[in-house]
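Quick one: the structure is below, questions incoming.
Please treat every number below as a calculation from the coordinates, not as lab data. Since the structure is predicted, the reported quantities are computational estimates derived from the model, not experimental observations. Here the Cβ is made from the backbone with ideal geometry for all residues, glycine too, and neighbour counts use every protein chain on show.
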Amino acid sequence: MPHSGGPRSLLLLVSTTALVACGGATSAHHGGVAAASPAPSCSTAPGALDPAAATPRGPWPQAERDALHTATAPVVGPQRGTVRWRRHLEGAVTPGPIVGAGDVVYAASNGGVLHAIELATGRDLWTFDGGGAYGSDLSTSPALLDGGLLLWPGPRDTLDALDAATGRLLWQRNFGAMVLSPAPGARRVYVATMDGRLDALTVSRSAAHVDWTTDLGTHADSYGSPAVGADGTVYGTAGNRIVAVRDDGDRATPLWHFDIASGTEVSPAVSPAGVAVFGTNDASEYGLGPTGQVAWRFPRDSLTYSSPAVAPNGVAYFGDHRGRIDAVDTRDGCSVATYALAGEVWTAPAIDRDGDVYAGTKTGHITGFRANGTRLFDIATTGVVDSYPAIAGDGTLLIGSGDGNLYAIR
């Protein structure tokens with residue numbers, strides 16, 4: 001498990017033009033590695049977005065809000081950084097919270113207990129004990145489906161199906177390895193496991209049926225949850241590879257894969273135009289086009305544990321071990337903005353309707369920025385903040401810390 005370093009002074013650096021050279025488009029064969037090349041400055045600027053409205057499932061019903069991993073809320077997020085409440089749970093709050101209908105927050109800790117929490121008060125509506133503890137610093141989140149079915153990646157290599165209103169266990173399936181955040185698609189739910197498998201499930205309130213399984217062409221570990229593009233393409237990461245597959249009902253048909261020299265420990269995200277963005281343990285963030293070609297390669301000069309988010313306007317946000325969040329136009333890899341935080345960024349960013357950006361750091365800070373780079377707030381906790389955040393329907397930011405607290409911030 002990582003440990004938290006001491007607080008550092010917070011730096012701020014933002015640009016509405018390019019801060020680094022844009023990643024030029026290149027031609028690359030599958031499995032190739034492309035070199036970055038300079039390109040003109042970007043004309044896109046961070047600002048107001050057009051995220052999808054909250055669904056009947058809730059305002060933030062799964063990891064990074066939706067299957068594309070936009071992590072973008074249709075409301076304005078916190079502006080003052082007031083801690084509305086904090087809840088001390090059974091262990092480090094590394095798992096990421098989600099927010100369902102009726103302003104119910106679903107959150108767990110490494111202690112292995114899932115809580116349904118009333119947003120207004122921070123009190124429990126119900127709890128479910130998973131019967132064990134998580135032994136990982138990997139942030140996973142439950143997913144809410146239509147009909148009030150809650151899928152929770154439990155602490156004993158299980159996917160647990162619960163009634164979202166009561167917390168009653170409906171069924172449980174063991175996958176033999178840690179289950180990552182489920183990604184609901186149009187017809188099925190896609191589940192990756194830490195041993196590098198990707199499963200497609202048909203689920204109901206009574207059972208789950210595995211329609212197909214693929215090892216993504218590797219036998220390497222996976223730390224990334226799947227993403228699903230607008231056309232139904234499923235993207236997964238394992239080892240040093242990102243893979244795109246088509247769901248053909250009874251099997252997964254590989255479309256393409258792309259290998260890098262180092263590994264990847266994050267989930268992918270997908271732009272509206274089908275550009276898949278993923279981070280690596282080398283010094284670059286990649287944007288891959290719909291056929292797997294390298295659209296751009298953005299020089300981070302650092303590895304990353306921060307899964308990217310791609311907002312509806314096509315701007316990708318991702319953190320790194322330099323302590324920065326970069327905003328990059330997915331059309332060409334041009335830098336839109338850079339936000340500097342007080343330590344390595346281990347969370348995915350969350351973005352609000354106006355393009356404000358929120359994230360946490362290894363040094364225990366929870367920080368918000370306006371789209372133009374003005375710092376909104378900086379809250380110091382006493383533990384590593386590696387919990388992937390969520391934004392509720394009223395704009396409250398929900399995020400956990402290694403100090404054992406779930407924070408609700410306005």
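Can you compute 3J(HN,Hα) from phi for each residue in segment 149-157, using the Karplus curve 6.51 cos²θ - 1.76 cosθ + 1.60 with θ = phi - 60°, rounded to whole Hz and x for Gly and Pro?
9, 10, 9, 10, x, x, x, 10, 6
Can you compute the FRET efficiency between A230 and R168 using 1/(1 + (r/R0)^6), with r the Cβ-Cβ distance and R0 = 30 Å? Round to the nearest 0.05.
Working: r = 34 Å, r/R0 = 1.14.
Rounded to the nearest 0.05, the efficiency is 0.30.
Right, something else. Non-local amide H neighbours of G400 (under 5 Å, H modeled in plane, Pro and chain starts lacking H): which ones?
Amide H to amide H, under 5 Å and 5 or more residues apart or across chains, G400 pairs with S387, Y407.
When 1/r is averaged over all different Cα pairs and the result inverted, which Kirkwood radius in Å belongs to segment 264-313? Could you put the intermediate results ahead of the total?
Numbers: mean 1/r = 0.0917 Å⁻¹.
One over the average 1/r among Cα pairs gives 10.9 Å for segment 264-313.
Report the equivalent ellipsoid semi-axes for segment 180-249 in whole Å, largest first, defined as the square roots of five times the eigenvalues of the gyration tensor built from alpha carbon atoms.
Details: eigenvalues 73, 36, 20 Å².
Its equivalent ellipsoid spans semi-axes of 19, 13, 10 Å.
Separate question: Please provide three numbers in whole Å: the alpha-carbon extents of the chain along the principal axes, with the largest listed first.
Cα spread of the chain along its principal axes, largest to smallest: 55, 50, 37 Å.
Now for a separate question. From the square roots a ≥ b ≥ c of the eigenvalues of the alpha-carbon gyration tensor of segment 229-283, which class results: rounded (a/c under 1.5), prolate (a/b over b/c), or oblate?
Working: a/c = 2.70, a/b = 1.54, b/c = 1.75.
Oblate, since a/c reaches 1.5 and b/c is not below a/b.
Normalized C-alpha radius of gyration of segment 349-410, against 2.2 N^0.38 Å? Display every interim value, and only then the final one.
Working: Rg = 10.9 Å, N = 62, 2.2 N^0.38 = 10.6 Å.
Dividing the Cα radius of gyration by 2.2 N^0.38 Å gives 1.03.
Calculate I(q)/I(0) for segment 64-148 by the Debye formula, one identical point scatterer on each C-alpha and no solvent, and give its log10 at q = 0.14 Å⁻¹ to two decimals.
At q = 0.14 Å⁻¹ the computed log10 ratios are -0.54.
Given the convex hull of the Cα atoms of segment 121-253, what is a quarter of its surface area in nm²? Let's see the in-between values first.
Working: hull surface 34.7 nm².
Orientation-averaged projected area of the Cα hull: 8.7 nm².
Additional query: Quick one: what do you get for segment 221-363 if you divide its Cα Rg by 2.2 N^0.38 Å? Please list the in-between numbers first.
On the way: Rg = 14.3 Å, N = 143, 2.2 N^0.38 = 14.5 Å.
Ratio of Rg to 2.2 N^0.38 Å for segment 221-363: 0.98.
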